[in-house]
Amino acid sequence: MTPYETTNHFIEAAFKVLDLNPRYETLLITPSRELKVEVIIEKDDGSIGNFIGYRVQHDDSRGPFKGGLRFHHEVELEEVRSLASLMTWKTAVVGVPFGGAKGGIACDPRELSQRELERLTRAFVDKIAEFIGPKTDIPAPDVNTNAAVMAWIFDQYSRRYGFSPAVVTGKPVELHGSLGRGAATGRGCMYAVREVLKHDGKSLEGQTYAIQGFGNVGSWFGKLVHELGGKVVAVSDYKGGIFNGDGLDIPAVEKHTAETGSVVEFSKAEPISNADLLTMPCDVLVPAALGHVLTADNAKDVKAKYVLEAANGPTTAEANDVLDSKGIVSIPDIYANAGGVSVSYMEWVQNTQNMAWTEDEVNEKLEDIMVKAHVGVREAQKEYGCSMRTAAFVRAIRRVKDATDMRGIG
Ligand code: NAD
């Protein structure tokens, strides 16, 4: 199954549980708009760089389209479509008034200079500017995009339409970004797993965690659980992983990563491959890099008790069945990593109201959103006797369907 088919497979499981009129199926699954654009830049050496960019707007019945922008050589339409759909359900699970979208440019940012990245971002904004906006579609950071990229988007869009900080979230704090946005997705993941553990009579403290991906989400999650007494036994990035059964000193790993560009060769750890990390003994496995890393092949060997889906779409449909059959609890992406879009919503509110919350205020609101969403997902799970994933989709689909019905289609 492609990523989009996998997402639809999960949605259909929830449709079945809800026994929805089939007319909703096509209506709720089909993306509203798909843009594919050629992005041309002049490279530093004078040659022409020719890239393909995408923006898929999936659903806006509950509010403006919302979703991240990814720079990665594997970006392609099918996956962007899947990620856009996941955003629709994610914003609905946590109840922030947005729809779902996603975008990306097929490129390897490591092969581009900062100036080339800036030109690429600005050229992409020029191509999609008439389709985005504070009330229509609001991009955000994702893999290989950060606050600096968001600042260029804000600036390029504002050159055309006037001062518009609310066109994009995840901006630098000095440039209308929100305090707490950088940490938000990792922090939200921490609240999500804390609530799930609490539900099972456990706490964050004393559990062991293996984290694949040590970028924005993985490193913030690792840092927070480490501070709260969790034992992070392995972390990895695209170059490989590191392992220490006594627990890694996460601040020291962060320092090493900042200095060398990777977690590998950290002195107080053994090397471990990305493949072995996924099947190593631990309590909580945290895929926090790319999609479809848990497959039919490796799911049977997963030894964790919980899979916290910090990444989007890390589990294939087949792997999901295997994990369910082994009694491993999947904390689904559309709930687990919703902290990012929740604080993006707060950033958008602050921008549109011209005011700023303190970091404590943002974190409190985020905690409240994640705790309430957990209660809602558990209620749906109890009502239908289904997995947490299906329950999260049930909660989301009901909200999107109701909004669609109330707004009407004709
Ligand atoms: P990032 O670019 O900051 O970090 C990605 C990390 O994954 C890096 O450590 C990178 O080296 C690693 N990685 C890349 N390819 C890998 C591979 N093949 N094997 C192992 N590791 C690999 O990205 P991020 O923002 O932390 O996003 C990570 C995941 O979280 C993505 O799936 C993204 O969609 C999801 N997510 C991000 C946010 C957000 O706010 N940034 C919000 C929700 C979900």
dims of the chain, Cα set, principal axes, largest to smallest, nearest Å -> 55, 53, 42
Which of 357, 89, 220 moves most in a GNM of the chain, Cα contacts under 10 Å?
357
Can you tell me which of 362-374, 338-350 comes out highest on packing, and rank the rest after it, using the mean Cβ neighbours within 10 Å?
338-350, 362-374
Net charge (Lys, Arg +1; Asp, Glu -1) of residues whose beta-carbon lies under 12 Å from that of residue 295, residue 295 excluded, is -3
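Expressed in nm to one decimal, what extension gain is obtained for the pair residue 273 and residue 20 from 0.36 nm per residue of sequence separation less their Cα-Cα distance? Please list the in-between numbers first.
Details: separation 253, 0.36 × 253 = 91.08 nm, distance 4.37 nm.
Once the chain is fully extended between residue 273 and residue 20, it gains 86.7 nm.
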Residue 220: net charge of surrounding residues, Cβ under 13 Å, Lys/Arg +1, Asp/Glu -1, itself excluded?
+1
Just rank 142, 276, fewest to most, by other beta-carbon atoms within 10 angstrom.
276, 142
What is the spin-label model distance, in nm, from residue 303 to residue 398 if the labels are put 7 Å beyond Cα along the C-beta direction?
3.9 nm
With 0.36 nm assigned to each residue of separation and the Cα-Cα distance removed, residue 258 to residue 324 gains 20.0 nm
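Take 297, 60, 137 and order them by how many other Cβ atoms sit within 10 Å, fewest up front.
Working: 297 12, 60 21, 137 24.
Lowest to highest Cβ neighbour count: 297, 60, 137.
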In nm, to one decimal, how far is the residue 9 label point from the residue 76 one, both placed 7 Å along Cα→Cβ?
1.7 nm
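Can you tell me the order of 379-390, 120-131, 253-264 when each peptide is scored by its average per-residue count of other Cβ atoms within 10 angstrom, highest first? Can you show the working numbers first?
Values: 379-390: 17.7, 120-131: 19.2, 253-264: 16.0.
With the highest mean Cβ count within 10 Å placed first, the list reads 120-131, 379-390, 253-264.
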Given the peptides 97-107, 143-153, arrange them by the average over their residues of other C-beta atoms within 10 Å, most packed first.
97-107, 143-153
So, in Å, what gap is there between the alpha-carbon centers of segment 14-49 and segment 217-280?
34 Å
Hey, rough spin-label estimate for residue 371 and residue 249, points 7 angstrom out along Cα→Cβ, what's it come to in nanometres?
3.5 nm
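Let me check I've understood the local charge: for residue 355, count other residues with C-beta under 13 angstrom from its C-beta, Lys and Arg +1, Asp and Glu -1. What total comes out?
Numbers: positive: none; negative: 347, 361.
So the surrounding residues net to -2.
Can you sort 290, 27, 228 so the residue with the fewest Cβ neighbours within 10 Å comes first? Working shown, then result.
Working: 290 18, 27 15, 228 12.
Least crowded to most crowded, the residues run 228, 27, 290.
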Under 11 Å from the residue 129 label point (7 Å along Cα→beta-carbon), backbone N, segment 149-175
155-162
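Hey, which of these cross-link pairs are over 32 Å Cα-Cα: 43/171; 66/300; 135/365?
Those over the limit are 66/300.
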I want the antiparallel fraction of DSSP beta bridges within the chain, as a percent rounded to 5.
50 percent
Mean-square fluctuation check for the chain, GNM, Cα pairs under 10 Å: which of 287, 22, 172 is largest?
22
Run lengths n ≥ 4 of DSSP H only: what is the helix-derived mean residue ellipticity at 222 nm for the chain, with -39500 (n - 2.57) per run over all residues, to the nearest 500?
-15500 deg cm²/dmol
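Laboratory data are not the source of any read-out in this text; all were calculated from the coordinates shown. Note that this is a predicted model, so its numbers are computed, not measured. Please note: Cβ atoms are built from the backbone with ideal geometry, for glycine as well, and neighbour counts cover all protein chains shown.
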